[in-house]
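Remarks on the structure that follows.
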Amino acid sequence: MLKTELRKKYKALRNTLSTAQVDDLSISIANQLLKLPIWEFSFYHIFLAIEEQKEVNTDYILNILSGKDKNIVISKSDFKTGLMTHFLLTDGTKIKKNRYNIPEPVDGIKIPNDKIEVVFIPLLAFDKKGNRVGYGKGFYDRFLADCKPETLKIGLSFFEVENEITEVFESDMALDYCVTPIGIYRY
């Protein structure tokens, strides 16, 4: 299926979810993550959910990371350059929504891409080969291309796998795992 069709389909599906369903599904995804062999690393990058887009609520994953005493990294997006700057999440980090309702750090301790070992990735859809569809701006593709090759890329999805995403480009970064409320896909 084409990326534009998948974006439309999965945005519509997300919009049918209630707040309670988003929370329940997000808890299930966090519980699935505990089954992965990823907890020996130190630096974990995570997105802060855009509530208005009914994204996976990552608060539950943040609690797991905090409980395991991991370094949590969050980003600030620059829509002029298409790049993200990464910051260590601390007790003193001030979070503010940007004009697209993305919660972002105001400032803080910058973390270079090569320090990040695991990245939890927002997405709308994914396929059996580990390809993914996001919002189409390429922020994560550029970010992941600048990480170490061994950095683990983990997609988080409320919905199950698509057979195939067509129009996959060379610059598209595939996943190592995708985690849904009922399962884990390994690539």
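The values are calculated or read from the model by the stated rules, or taken from the named source; none is laboratory data. Remember, predicted model here, so these are calculated numbers, not experimental data. Note: areas computed on protein heavy atoms with side chains; ligands, DNA, RNA excluded. Shrake-Rupley method; radii C 1.70, N 1.55, O 1.52, S 1.80 Å.
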When you check Tyr44 against the structure, is it among the aromatic types (Phe, Trp, Tyr) and open to solvent by less than 30 Å² (accessible area, probe 1.4 Å), yes or no? yes
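Can you tell me which residues in segment 8-54 are assigned to a loop (DSSP other than H, G, I, E, B) and among the β-branched types (Val, Ile, Thr)? Write out each step before concluding.
Here is the first cut: in segment 8-54, the ones assigned to a loop (DSSP other than H, G, I, E, B) are 16-18, 34-42, 46-50, 54.
Correct list: Thr16, Ile38, Ile46, Ile50.
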